Amino acid sequence: EKSNSINMKINFDNDFIGNTNVYNVNKYRYAIIDGFLESVGEIHHLLHFANKTKESYVIFCFGMSDQVKNTIIKNNADGKTEIIPISISFDENSVNILNDIALIHKSDVISSLKGQTISQELRKPLPVGENIKIYKKGNIAIKPIASDIDLMRHKNYLRNKIETSEKDINTDVLEKRIKNLSTNSIKLFTPNDLLSDIRYSRDLDYFLRYLTNLN
């Protein structure tokens, strides 16, 4: 299965997609929020717009209160809205994830550091993304709006940070960010009985390494 989307493996709350293994959303409005959604009042206008226009919304944020979560789930279940939060767990691996998501969308992060408030920003017409697939197992695939040149420039910036960093600094997080920003991926589905075949696994590994060297 070939994909030109960017596949990001992150820890997020998957309760919003129910029992669906893959939740697919096309032409969605989105907000990238550097913060925690504390009250329903912060998303009041978003709920109103989503109910009025019946457009799909995807909200990237660092968690939310049970009140906000339950309100969104209930409105979705009643058919009033389709709001899918990507409620990310905040840790060392995700500290800069919103910046990467903003880059992919060629957009900006809503942040109090810029004097912005969530409720005010969600009053405004939100930008539109192309396609996002949300996987129950813990990853999202986003069709990038940013150009290949923009993505490559950012990956080169991250590689430069790795090369110029002090030896005692853990660069694993930067390596993961670079990997997350890679496009044109291929998923290979293999029957279980072949996976136990040592010769097959060895030949497959050799073949994939050969392709990598060609690239």
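The values are calculated or read from the model by the stated rules, or taken from the named source; none is laboratory data. Here the structure is a predicted model, which means the values were calculated and not measured. Neighbour counts run over all protein chains shown; Cβ positions are idealised from the backbone, glycine included. What goes into the accessible areas is simple: the full protein's heavy atoms, side chains included, and nothing from ligands, DNA or RNA. Shrake-Rupley method; radii C 1.70, N 1.55, O 1.52, S 1.80 Å.
Worth pointing out:
- Note, ³J(HN,Hα) from phi for region 99-111, Karplus 6.51, -1.76, 1.60, rounded to Hz, x at Gly and Pro: 5, 5, 5, 5, 4, 4, 7, 6, 9, 10, 9, 6, 8
- With 20 Å as the limit, the listed pairs LYS2/LYS143; LYS69/LYS136; LYS136/LYS187; LYS9/LYS54; LYS9/LYS143 have LYS9/LYS54 beyond it between alpha carbons.
- Relative to the longest principal axis of the Cα atoms of the chain, the long axis of helix 198-214 makes an angle of roughly 80 degrees.
- With both labels modelled 7 Å from their Cα along Cα-to-Cβ, the GLU163 to ASN26 distance reads 4.2 nm.
- Dimensionless Rg over Rh [the chain; C-alpha; Kirkwood]: 1.02
- With Cα atoms, 0 to 90° folded angle of helix 66-77 axis to the chain main axis: 90
- Heavy-atom accessible area order for LYS179, LYS124, largest first, 1.4 Å probe: LYS179, LYS124
- For region 1-96: rounded, prolate or oblate by the Cα gyration tensor [a/c cutoff 1.5]: oblate
- Distant-in-sequence amide H partners of THR81 (H built 1.01 Å from N, under 5 Å): ASN76
- Amide hydrogen proximity for ILE33: with H placed 1.01 Å from N in the peptide plane, the residues at 5 or more positions away or on another chain lying under 5 Å are PHE60, CYS61, ILE110.
- Carbon-plus-sulfur accessible fraction, region 76-214 (probe radius 1.4 Å, protein heavy atoms only): 53%.
- With a cut-off of 10 Å between beta carbons, the residues surrounding MET64 carry a summed charge of -3, where Lys and Arg count +1 and Asp and Glu -1.
- As a calculated quantity, the FRET efficiency between ARG123 and ASP91 at R0 = 30 Å, using C-beta atoms, amounts to about 0.45.
- Helix 148-164 axis, angle to the chain major axis (alpha carbon atoms, nearest 10°): 70
- Charge dipole (Cα centre; +1 on Lys/Arg Cβ, -1 on Asp/Glu Cβ; no other charges) of the chain amounts to roughly 600 debye.
- Rounded accessible area per residue of the chain, 1.4 Å, Å²: 60
- Förster-model FRET efficiency, 41 Å R0, ASN99 and SER196, C-beta, rounded to 0.05: 0.45
- Summarising the amide proton neighbourhood of SER56: residues at separation of 5 or more, or on other chains, whose placed amide H is nearer than 5 Å comprise ARG29.
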